[in-house]
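Any read-out appearing in this document is the output of simple, stated calculations on the displayed coordinates, not a laboratory observation. Being a predicted model, the structure only gives us computed values, none of them experimental. Here the Cβ positions follow ideal geometry from the backbone for every residue, glycine too, while neighbour counts run over all protein chains shown.
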Amino acid sequence: MLKDNIKAIRKAQRLSQEELALKLNVVRQTISKWEQGLSVPDSELLVSLADALDTSVSTLLGENVAEQKENFLEEISTKLEIINLKLAKRQELKRKVWHYLFISICLMIIVIFLGLILLKNTYMEWDYNDPELAILGVGIHGFVWLFVRIAPIVFICLLIGICLTRKK
């Protein structure tokens, strides 16, 4: 709602993100984050944003209010708080998804390593005169060779990712 309104009003006034950022004394990335819904302006910046876009704060927030209300800033703060809570929930969900994805990939690496240990390279004893077995054996050997060299590095990176994405 807020992100769409900021973008629509800015484009209607033919302002670039850079020009709007200059008016508000912020960096262009701040405007971009607002328009993507990754962050929201605080109440003071919201008032400045409304002034810069020649509109009202209530229009930015998606309301068509004819009369001014007495507790105007309180309502704005409440709405911004709700938006911030939704943003925080979305970020928490992203964190959880990454965390469990890292854990599941680590488990897959462990299972593959255990499988390779249990196989004991039995493909090395195959009769490589048979072309199909030769191709399959070379493919498996190539996979094992690459996996044994790359998987430990990936595993360590995943463990770091798990530590960084755990709930604090």
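A few remarks follow.
- Only Lys, Arg, Asp and Glu carry charge here, each on its Cβ (+1 for the first two, -1 for the last two); on that basis the range 1-160 has a dipole of about 160 debye about its Cα centre.
- Distance violations [Cα-Cα > 25 Å] among Lys3/Lys86; Lys3/Lys94; Lys23/Lys86: Lys23/Lys86
- Pairwise FRET efficiency - Cys157 versus Val27, Cβ, R0 = 35 Å, nearest 0.05: 0.70
- Residue by residue, the range 76-93 carries 3J(HN,Hα) couplings of 4, 4, 5, 5, 5, 5, 5, 4, 4, 5, 5, 5, 5, 5, 5, 5, 5, 5 Hz when phi is fed to the Karplus relation 6.51 cos²θ - 1.76 cosθ + 1.60 (θ = phi - 60°); x denotes Gly or Pro.
- Working note: Karplus 6.51/-1.76/1.60 with θ = phi - 60° gives the range 106-120 the couplings 4, 5, 5, 4, 4, 5, 5, 4, 4, x, 5, 5, 5, 6, 6 Hz, where Gly and Pro are set to x.
- The separation of the range 3-40 from the range 102-123, counted between C-alpha centres, amounts to 49 Å.
- A crude spin-label estimate for the pair Glu81 and Thr122, with each label 7 Å from Cα along the Cβ direction, gives 6.5 nm.
- Label of the coordinate-derived value, Kirkwood radius over Cα pairs in Å, listed as (i) 20.9; (ii) 18.8; (iii) 16.0: (i)
- Pairs of alpha carbons in the range 2-68 whose separation is greater than 14 Å (percent): 53
- Calculated from backbone phi, Karplus (6.51, -1.76, 1.60) coupling profile of the range 17-31 in Hz, x at Gly/Pro: 4, 4, 5, 5, 4, 5, 5, 9, 6, 10, 7, 4, 4, 5, 4
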